[in-house]
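For reference, the structure is listed below as structure tokens.
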Amino acid sequence: MNQPASADPYAAVNAAIQNLMANRLGRAFVPLGLLFAWGMAAAFFGGGFLMPVGALASSAATLAYGQRIVQRAFGRPNRPWMSAAAMASVLAPMFGVYVLGWLGLRGFALGFAASTIISATLGTVLGVWILRSWMRIVEIERLARVMTINLDGEGGTV
């Protein structure tokens with residue numbers, strides 16, 4: 001038996017935004033987790049810590065930005081951490097471009113050894129995956145704005 005839909009449009013919209021954001025954040029953490037593991041393995045064998053630190057920073061910034069979007073959809077007022085999350089939101093796409101360009105596409109120019117090609121392909125795929133995941137989070141922010149703009153009945157945001 002289906003449960004009755006809520007008569008409260010606030011609750012329905014907020015639940016939809018929260019569920020969509022949780023789904024997108026979960027998918028966005030997969031490439032960042034893989035890059036963290038790859039970076040830790042590389043650091044163990046003498047590489048730097050840029051990749052694992054970048055993956056962690058991007059994960060934290062993405063989580064904070066997603067939380068900001070959900071809190072704004074619930075009509076919560078701006079808080080100082082929300083401004084910091086908005087400014088830090090550039091970390092994930094910048095890290096995605098770094099992975100795509102430096103680890104991915106640059107790797108194809110380094111040579112035709114099997115390990116180089118595999119590493120370059122993995123870097124390209126993970127970089128595109130990060131950027132694509134980030135764009136889906138931004139789409140949910142736009143969706144949240146559109147869905148909540150007229151909930152108060154007077155055309156303002158909630």
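The values are calculated or read from the model by the stated rules, or taken from the named source; none is laboratory data. Quick caveat: nothing in here was measured; it's all calculated off a predicted structure. Cβ: placed from backbone, ideal geometry, glycine included. Neighbour counts: every protein chain shown. We work out accessible area using only protein heavy atoms, side chains counted, and drop any ligands, DNA or RNA first. Shrake-Rupley method; radii C 1.70, N 1.55, O 1.52, S 1.80 Å.
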- Out of all the residues in region 124-144, which are more than 13 Å from Tyr65 (Cα to Cα) and among the aromatic types (Phe, Trp, Tyr)? Trp129
- Item | Residues satisfying the stated conditions in region 28-61, i.e. more than 20 Å from Ser133 (Cβ to Cβ) and open to solvent by less than 60 Å² (accessible area, probe 1.4 Å) | Ala41, Ala42, Ala43, Gly47, Gly48
